[in-house]
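Notes for the one structure printed next.
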Amino acid sequence: MTEQHTPSPGGEPYDLVGVGIGPFNLSLAALSDGVAGLRALFLDRRPAFSWHPGLLMEGTVLQVPFLADLVTMADPTSRWSYLNYLREHGRLFPFFFSERFHIPRREYDHYLRWAAENLPSCRFDAEVTALEWDADAGVFAVTHRSADGTASRVTARRVVLGVGTSPVLPGPLRELAASGGHTGRVLHSADYRTHRAALAGLDDVTVIGAGQSGAEVLLDLLRHQDGEGRGGPYVRWLARTPAFAPMEYSKIGLEHFTPDYIHYFRALPEADRERLVREQWQLYKGVSADTLGEIHDELYERTIGGGRPRADLHPGTELTAVRPAGDGADGYVLTCRHTGQGAEFEVRTSAVVAATGYAAHRPAFLDTLDKLVDWDDRGRYRVDGTYRVALDESVTGTLYVQNAELHTHGVGAPDLTLGAWRSAVILNSVAGRTVLPVPQRAAWTTFGAPTTAAGATAETADPLP
């Protein structure tokens, strides 16, 4: 293995190095582009950008409006906006005539790849293997390695972690998936598209998880059945939630994805924050009402002429155990418990697709910095209002994090709506000045006790900016 030092332009440490290039760090790279005097570099281990490739099915749409792109909610004049992407690809008029507010997911992926391929600060095939604090130089040392084994080292005064989240399987499925002998039969929805054709050819597929991904996998499998409801797999949908419920998408409800709510949430006691995240699942784990409607329409079609859908929907159901079917039969036996009745039952299935979400994880390269991070009692980052991670007082550099602060900042952490706003907050902190103004109040809702007397007039109450 060869090793080399890659200095920033001018030989000085970078002002900012980003680890991971997903939508959030890509947003920061876009907003940082062209900022005078700011030297930035963003690293990612993959050979090229991709965004949830396992779920890029035809017909699926982004759950947030196109304005929640990389930059618009912080800087609508940026060349990295979605509208400018359309202009550069000669598609502004077709987009205008399509009257879309929610764009195809495949197009959002293409937009992000366009930005990642053209932003000069983004470097792929660069897997970060170590992040260390060099106390003598007062900088972070970031070691990264390419696929051919070449190792490089850069230094930075500030580092932002944007490594994303990892797929989570229910406990009973983890051992089967880890054994390697069930590839394509026990999988997370993140890998669905890879195994889509094979799954569509099976007799019976069970989908677990009541969120958007689970609904889209179920709908796709239903559409592999023929018009008579025959052909394609029998499809079963299991979920722990008490209902297959629509995502909260009212205009006032969406104000939970504003700076106002973040400020309110951060000031709450930890126990209250933990409770709220659990209770607010419909804000970020529900299903688009349109998708639920399409599922219903598919099931309704199957009843024409007296038929019955080859599908079952089981809310309020928890998977407690799984075992191979045995007796020479392919497939699995799932042991389930209905949470409302406490009753147990078993189902046999040929394959399981777990649309059971994602969780933040601690990357291995942080092991070299572990003792300098002030972890909370659950091993999570302590994150302040500017997304800085609490570090030992001996560290004079700054470590930021994106999309790993659900426990400190609330349901907006993984949502694309606040991505550009959060990146602007980080950018201003990095620059030590206001590069981009960010609103502190953006909601009509007052979260928490009002600071003005009851009955205050519009003239005396704090207005929206």
If ARG380 satisfies every condition in (1) touching a His at 6+ places or on another chain (Cβ under 6 Å); (2) in a helix (DSSP H, G or I) but one, which is the exception? (2)
Considering only helices (runs of 4 or more DSSP H) wholly within segment 21-104, the ones with at least 3 residues that are in contact (Cβ under 8 Å) with a residue 40 or more places away in the chain, in contact with a Gly (Cβ under 8 Å, 6 or more places away or on another chain) and closer than 19 Å to LEU418 by Cβ are 23-32
Condition first: more than 22 Å from VAL61 (Cβ to Cβ) and free of Cβ contacts under 8 Å to residues at least 40 places away in the same chain. Can you find one or more residues in segment 239-262 that meet it? no
Would you pick out the residues in segment 361-419 that are farther than 21 Å from THR129 by Cβ, touching a helix residue (DSSP H, G or I) at 6+ places or on another chain (Cβ under 7 Å) and of a type in the set (Ser, Thr, Tyr)? THR386, TYR387, THR408, THR417
Of everything in segment 313-329, what is out of contact with any Leu (no Cβ under 9 Å at 6 or more places or on another chain) and open to solvent by 20 Å² or more (accessible area, probe 1.4 Å)? Give them in sequence order. GLY326, ASP327, GLY328, ALA329
Checking the condition over 30 Å from ALA329 (Cα atoms), open to solvent by 60 Å² or more (accessible area, probe 1.4 Å) and at pLDDT 95 or above, which residue from ARG158, ARG145 passes? ARG145
Which residue out of LEU313, LEU334 is assigned to a strand (DSSP E or B), under 28 Å from the mean Cα position of the chain (by Cα) and closer than 21 Å to LEU169 by Cα? LEU313
Filter pass, GLU393 being outside any strand (DSSP E or B) and open to solvent by 60 Å² or more (accessible area, probe 1.4 Å): yes
Specify the residue that is farthest from PRO13 (Cα to Cα); the eligible residues are those in segment 144-156 that are assigned to a strand (DSSP E or B) and within 26 Å of the chain's Cα centre (by Cα). ARG145
From the list ARG223, ARG145, pick out the single residue that is out of contact with any Leu (no Cβ under 9 Å at 6 or more places or on another chain) and under 20 Å from ARG105 (Cα atoms). ARG223
For segment 356-368, enumerate the residues that are assigned to a loop (DSSP other than H, G, I, E, B) and of a type outside the set (Gly, Ala, Ser). THR356, HIS361, ARG362, PRO363
If we ask which residues in segment 226-239 are out of contact with any helix residue (DSSP H, G or I) (no Cβ under 8 Å at 6 or more places or on another chain) and modelled with pLDDT of 95 or more, their number turns out to be 3
Can you name the condition, by its number, that GLU294 falls short on among (1) touching a Leu at 6+ places or on another chain (Cβ under 9 Å); (2) modelled with pLDDT of 95 or more; (3) under 30 Å from ASP384 (Cβ atoms)? (3)
How many of the residues making up segment 405-422 are touching a Leu at 6+ places or on another chain (Cβ under 7 Å) and open to solvent by 10 Å² or more (accessible area, probe 1.4 Å)? 1
Mind listing just one residue for me: the one in segment 337-355 that is in contact (Cβ under 8 Å) with a residue 60 or more places away in the chain and part of a loop (DSSP other than H, G, I, E, B) and, of those, farthest from PRO246 (Cα to Cα)? SER350
Being over 30 Å from VAL333 (Cβ atoms), open to solvent by 20 Å² or more (accessible area, probe 1.4 Å) and touching a Ser or Thr at 6+ places or on another chain (Cβ under 8 Å) narrows it down to one of PRO242, PRO246, PRO269, so name that one. PRO246
Across segment 111-132, the tally of residues that are buried (at least 16 other Cβ atoms within 10 Å of the Cβ) and without any contact (Cβ under 8 Å) to a residue 40 or more places away in the chain stands at 1
Among all residue pairs at least 6 apart or on different chains, which show Cβ distances below 8 Å where the first residue, located in segment 411-423, is under 15 Å from PHE66 (Cβ atoms) and the second is assigned to a helix (DSSP H, G or I) and not hydroxyl-bearing (Ser, Thr, Tyr)? ASP415/PHE257; LEU416/PRO23; THR417/LEU254; THR417/PHE257; GLY419/PRO23; GLY419/PHE24; ALA420/LEU31
With under 25 Å from PRO363 (Cα atoms) and of a type outside the set (S, T, N, Q) as the only criterion, which of ASP220, ASP226, ASP191 stands out? ASP191
Does LEU131 satisfy the condition of being within 22 Å of the chain's Cα centre (by Cα) and assigned by the TED database to the domain that holds SER394? no
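The values are calculated or read from the model by the stated rules, or taken from the named source; none is laboratory data. Computed from a prediction, not measured in an experiment: that's the story for all the values here. Positions of Cβ are backbone-derived with ideal geometry, glycine not excepted, and every protein chain shown enters the neighbour counts. Note: areas computed on protein heavy atoms with side chains; ligands, DNA, RNA excluded. Shrake-Rupley method; radii C 1.70, N 1.55, O 1.52, S 1.80 Å.
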